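Quick notes on the structure that follows.
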Amino acid sequence: MKSLVGAIIIFVILSALVVTNALYVNNIMENISELVFELETSGSEEKKNAVIDMWTDNRKLLSLSIEADELERMNDLIEDLRSTDPHNTFSEFQKLCRLISELATELSKYEKLSIEGIL
């Protein structure tokens, strides 16, 4: 009986960790997508720095959930964003914003708590 209770407690704790992780990743990726959308339309240096800071601040925790290849892809895009001037190369800048937004959506999709996310 004690081992059953122990197993149930461990299951509940692990389930809570999985749900918390999924919510965290979805929240960060949604925030990045929103900031990138605002950045794409405005070209604001402030929004650009906000995207870079959000990624930099959360990259280590996200690395616990996201595959290294995907993490490196996002890292490369963010570094490209850091070095791009929206006023000189606006079409390239918009393309980069779209790529970041698409990748954030894709990474968020993996963390959805649904049959689609599991498969």
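None of the figures in this text is laboratory data; all of them are computed from the coordinates on show. The shown structure was predicted, so the numbers you read here are calculated from the model rather than taken from an experiment. All Cβ positions, glycine included, derive from the backbone under ideal geometry; neighbour counts span all protein chains shown.
What's the local net charge at Asn27, with K and R +1, D and E -1, over the other residues with C-beta under 12 Å away?
Neighbour charge sum, excluding Asn27 itself: -3.
Using a 10 Å cut-off around each Cβ, can you sort Val36, Val5, Val18 from fewest to most neighbouring Cβ atoms?
In order of increasing Cβ crowding within 10 Å: Val5, Val18, Val36.
How tilted is helix 90-110 with respect to the longest principal axis of the chain? Cα atoms for both, answer in degrees (0 to 90, nearest 10).
With both axes taken from Cα atoms, the answer is about 10 degrees.
Give the residue list of GluC sites (Glu not before Pro) in the range 1-90 that are DSSP loop and have at most 11 other beta-carbon atoms within 10 angstrom.
Here the GluC sites (Glu not before Pro) that fit, given the DSSP loop and packing criteria, are Glu67.
Count charges around Leu96 for me, please; just the other residues with Cβ under 12 Å from its Cβ, Lys/Arg as +1, Asp/Glu as -1. Show your work: numbers first, answer last.
Working: positive: Lys48, Arg82, Lys95, Arg98; negative: Glu40, Asp76, Glu79, Asp80, Asp85, Glu92, Glu102.
Residues close to Leu96 contribute a combined charge of -3.
What's the angle, to the nearest 10 degrees (0 to 90), between helix 2-42's Cα axis and the longest principal axis of the chain?
Helix 2-42 sits roughly 10 degrees off the main axis of the chain.
What fraction of the Cα pairs in the chain, stated in percent, has a spacing above 23 angstrom?
So the pairs more than 23 Å apart make up 38 percent of the total in the chain.
Specify the residue with the greatest mean-square fluctuation among Lys109, Lys95, Lys48, computed from a Gaussian network of the chain linking alpha-carbon atoms under 10 Å apart.
Lys95
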